[in-house]
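The values are calculated or read from the model by the stated rules, or taken from the named source; none is laboratory data. This is a predicted model, so every value here is computed, not measured. Surface areas here come from the heavy atoms of the whole protein model, side chains and all, with no ligands, DNA or RNA. Shrake-Rupley method; radii C 1.70, N 1.55, O 1.52, S 1.80 Å.
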Amino acid sequence: MVKGVLILMAGLILVGCTQEAQNKLGRTMQNWTGTDGILEIYAGERLVKRFLKIDKLTTATGTDDRTARPYRFGYGVLDENLNGTVDPGEKKVYFEFSDYSTSYIFYENPH
C-alpha cells in the first residue's frame, strides 16, 4: 500500500514539472545509474576519433553568466586503433569538441 502511494506521488510530481525539470531529473538519474556511451567524431564521412566507456557528455557553461557554450566535454577511453574495444594501453582521457567544427554521434554501447 505504501509503495503504491509513493509511486503515485512520484508520478504526480513528474506531471507537474516543466519539461526542462523533467529533463534535468532524467539526466540526474542517468548520471547516477551511469551509461556505457560511445562517442564517434567524423571529418566528413571518415571516422577520426572514438571514445568508449563515457558516462556522460556535458555542455560547457560560462562561469559568470551560466550561458551554454558551443562545445561539449567529458571523459572516456580513447580507442586509438578504432576497433571498438578497450585494448591494453588505451587510457581514459578528457576530451572537448566544438559544435562548429565537428560531426559527432553519441550512443549507448549496444553490447
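For region 55-108, the set of residues classified as closer than 18 Å to residue 38 by Cα, part of a loop (DSSP other than H, G, I, E, B), open to solvent by 90 Å² or more (accessible area, probe 1.4 Å) and among the acidic types (Asp, Glu) consists of 80 only.
Scanning region 72-101 for residues that are closer than 15 Å to residue 57 by Cα and of a type outside the set (A, V, I, L, M) yields 72, 73, 74, 75, 76, 92, 94, 95, 96, 97, 98, 99.
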